[in-house]
Amino acid sequence: MNTVMIEVSKTYPILIGAGLLNNCGEIIKDKLGVHAAAVITDDIVDKLYADKVMKSLEDAGLRAVKFVFPHGEESKSIAVYAEILSFLAEHHITRTDMLISLGGGIPGDMGGFAAATFLRGIRFVQIPTTLLSAVDSSVGGKTAVNLPAGKNLVGAFYQPDLVICDYKTLDTLPESIFADGCAEVIKYGVIMDADFFDFLKTHDIKDNIEKVITRCVELKRDVVDQDEKEMGLRAILNFGHTIGHAIEINSHFEISHGSAVAIGMVMAAKGAYATGMTDADLADAIREVIVKNKLPVSCPFTAEALYAVSCSDKKRSGDTIKLIIPEKMGKCVGKRIPVEDMLTFIKAGL
Ligand SMILES: NC(=O)c1ccc[n+]([C@@H]2O[C@H](COP(=O)([O-])OP(=O)(O)OC[C@H]3O[C@@H](n4cnc5c(N)ncnc54)[C@H](O)[C@@H]3O)[C@@H](O)[C@H]2O)c1
Ligand SMILES: [Zn+2]
């Protein structure tokens with residue numbers, strides 16, 4: 001088992017190991033004491049893993065209750081969030097009790113926001129069960145729910161007290177959902193760690209899962225350490241995401257986030273080189289690792305269609321938009337460009 005310590009406004013460990021679910025109750029009791037626990041999960045993860053978690057909590061002497069919602073982004077809503085709050089109240093969860101998010105980024109983000117706001121904040125444990133939530137959403141304390149007007153428009157920065165990542169749970173992930181997480185893994189290499197990127201060229205992510213998750217969590221930790229509330233550096237994590245987000249919207253979210261980010265990374269690297277924003281010509285190297293991990297690399301939409309929606313990106317401020325540009329493999333920087341130059345950039349990336 002590996003432990004990565006996060007030391008920001010809260011200090012807490014991220015435990016990464018095989019089979020941790022079996023004794024998550026003991027781990028939680030040891031770190032947080034014996035309190036009641038409300039487990040928040042979706043229907044798919046419920047069937048696969050909730051019994052194991054509930055039993056482990058009860059065996060450790062905790063009172064455990066469970067709230068299950070239908071899987072999928074549609075549930076990440078104010079309505080389900082409100083149901084969670086009522087559930088916590090009905091089950092007499094107090095400030096010293098805890099909320100446990102069990103599942104991918106959706107239980108993680110929505111449970112985290114409920115934990116942040118119920119009684120002005122209760123203890124919060126993340127048990128990620130997707131690769132994306134293991135390497136990305138469970139680290140760093142961003143919580144959110146969606147509004148009809150857009151994704152993640154309501155939320156809070158709220159760090160968990162503990163993250164338990166049992167990567168054995170990834171064995172049951174459909175291949176495409178595992179691949180989605182691979183996009184974020186590859187992103188860490190491009191933006192922060194050339195050696196790690198080289199490792200991904202020659203090694204399989206699944207076969208090296210403990211090392212891969214641990215390295216990604218360390219890299220995200222390094223960013224969050226310096227920029228907990230996304231005032232600057234943390235923006236590098238958005239590499240490939242501005243174009244990726246435009247692809248997701250154009251596909252009406254038929255193209256998954258990971259697939260869209262994979263295409264977005266190749267386009268951003270190609271566009272940045274072709275428009276002279278960087279001397280680094282990385283698109284081919286990035287494309288190769290993406291293809292190896294069963295993700296798409298070509299964009300089915302026109303530059304104009306992408307441009308039309310990229311102007312509403314959250315990263316826009318006034319008439320400029322911030323792009324994350326690779327300076328060389330393992331190092332990215334944020335650069336502001338006028339919104340109208342975005343069309344040239346996207347065209348160059350296609
Ligand atoms: N907070 C952050 O910093 C941050 C970062 C990135 C993404 N996100 C958010 O994360 C969400 C996406 O995360 P996700 O892809 O994990 O979504 P998710 O939680 O919907 O999980 C994807 C699917 O996998 C299923 N699943 C989960 N674990 C499984 C397992 N072990 N075996 C089989 N099936 C399993 C789920 O039921 C779901 O259908 C988005 O809402 C996004 O906005 C947040
Ligand atoms: Zn992402």
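Numbers for the structure displayed
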| item | result |
| --- | --- |
| Fluctuation leader among V65, V145, V135 - the chain, Gaussian network, Cα springs under 10 angstrom | V65 |
| In order through the stretch 185-198: 3J(HN,Hα) via Karplus (6.51 cos²θ - 1.76 cosθ + 1.60), integer Hz, x for Gly, Pro | 4, 4, 3, 4, x, 4, 7, 9, 8, 5, 5, 5, 4, 4 |
| Distance from the stretch 230-301 to the stretch 45-80 (C-alpha centre basis), Å | 33 |
| Expected 222 nm ellipticity per residue - DSSP helices of 4 or more, -39500 (n - 2.57), all of the chain, to 500 | -13000 deg cm²/dmol |
| Most mobile of L131, L170, L102 in a GNM of the chain (Cα contacts under 10 Å) | L170 |
| Solution diffusion estimate, µm²/s, Stokes-Einstein, the stretch 175-349, Kirkwood Rh from C-alpha pairs, 25 °C, viscosity 0.890 mPa s | 153 |
| Dimensionless Rg/Rh of the chain - Kirkwood Rh, Rg from C-alpha atoms | 0.97 |
| Additional length obtainable on full extension of the chain from R336 to D51, 0.36 nm per residue less Cα span | 97.7 nm |
| Residues with amide H under 5 Å from that of V333, placed H, sequence gap 5 or more | I325, E327 |
| The stretch 2-172 - Debye-derived log10 I(q)/I(0), Cα point model, q = 0.11, 0.12, 0.14, 0.17 Å⁻¹ | -0.37, -0.45, -0.62, -0.96 |
| Most mobile of S317, S133, S77 in a GNM of the chain (Cα contacts under 10 Å) | S317 |
| Fewest-first ranking of R120, R63, using other Cβ atoms within 10 Å as the exposure measure | R120, R63 |
| Normalised contact order of the chain, rounded percent, pairs of Cα under 8 Å and 6 or more residues apart | 15 |
| Those residues of the stretch 261-300 whose amide nitrogen sits under 16 Å from the label point placed on A194, 7 Å along Cα→Cβ | 278-286 |
| Modelled label reach - K328, point 7 Å along Cα→Cβ, the stretch 276-305 residues with backbone N closer than 15 Å | 278-282 |
| Ranking of T117, T41, T242 by count of other Cβ atoms within 10 Å, fewest first | T117, T242, T41 |
| Extension gain, K292 back to L153 (0.36 nm per residue minus Cα-Cα distance, nm) | 46.7 nm |
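No value in this document is a laboratory result; all are computed from the given coordinates. Only a predicted model underlies this, so the values are computations on that prediction, with no experimental measurement involved. Note that we place each Cβ from the backbone using ideal geometry, even for glycine, and neighbour counts take in every protein chain shown.
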